[in-house]
Amino acid sequence: VQLQASGGGLVQAGGSLRLSCSASGRTFSIYTMGWFRQAPGKEREFVAAISWSGGSTYYLDSVKGRYTISRDNAKNTLYLQMNSLKPEDTAVYYCAASSTSASIARMITQYAYWGQGTQVTVSR
């Protein structure tokens, strides 16, 4: 499956952004989908995951209550709504697809397909 992330940008602290990830190729709906991020000088980290049906979601503790992951299988699209953004949320955000159950899909190595990344910058 090919993934294309979009929606990043520059926003002030407290603002919101919605990231999108369009999928093509293999059947999107069979995959666990996830969002990761990588800040300058840091390792890429898990942010959120969603089950193939959209019925189960999982989050990094620091984004719980601020971020919402969702998917529209009819449109082959994954979303990440980010509210109450903080400067420490600044990173390149990547979408990814995994054949692993969303309940345990936290590691980079569990995701076989990756989008190109979209930059999110949160200013103070």
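The values are calculated or read from the model by the stated rules, or taken from the named source; none is laboratory data. Here the structure is a predicted model, which is why all the values come from computation and not from measurement. Cβ placement follows ideal geometry from the backbone for every residue including glycine, while neighbour counts extend to all protein chains displayed. Only protein heavy atoms, including side chains, enter the accessible area calculation; ligands, DNA and RNA are left aside. Shrake-Rupley method; radii C 1.70, N 1.55, O 1.52, S 1.80 Å.
Annotation: of all residues in region 24-50 being in contact with a Ser or Thr (Cβ under 7 Å, 6 or more places away or on another chain) and in a strand (DSSP E or B), the one that is farthest from Ser62 (Cα to Cα) is Thr32. All conditions in (1) surrounded by 16 or more Cβ atoms within 10 Å (Cβ to Cβ); (2) free of Cβ contacts under 8 Å to residues at least 60 places away in the same chain; (3) closer than 17 Å to Gly115 by Cα hold for Ser24, with the sole exception of (1). Taken over region 106-119, the criterion of being surrounded by fewer than 17 Cβ atoms within 10 Å (Cβ to Cβ) and part of a strand (DSSP E or B) is satisfied by Ala112, Gln119. In region 58-105, the residue that is farthest from Glu43 (Cα to Cα) out of those that are under 12 Å from the mean Cα position of the chain (by Cα) and outside any strand (DSSP E or B) is Val63.
So if I check each of Gly7, Gly15, Gly41, which one is on the phi > 0 side of the Ramachandran plot, surrounded by fewer than 22 Cβ atoms within 10 Å (Cβ to Cβ) and touching a strand residue (DSSP E or B) at 6+ places or on another chain (Cβ under 9 Å)? First the steps, then the outcome.
Details: Gly15 fails: on the phi > 0 side of the Ramachandran plot; Gly41 fails: touching a strand residue (DSSP E or B) at 6+ places or on another chain (Cβ under 9 Å).
Going through Gly7, Gly15, Gly41 in turn, just one is on the phi > 0 side of the Ramachandran plot, surrounded by fewer than 22 Cβ atoms within 10 Å (Cβ to Cβ) and touching a strand residue (DSSP E or B) at 6+ places or on another chain (Cβ under 9 Å): Gly7.
Residue count for region 58-92 satisfying the condition of being open to solvent by less than 60 Å² (accessible area, probe 1.4 Å), without any contact (Cβ under 8 Å) to a residue 60 or more places away in the chain and of a type in the set (S, T, N, Q): 5.
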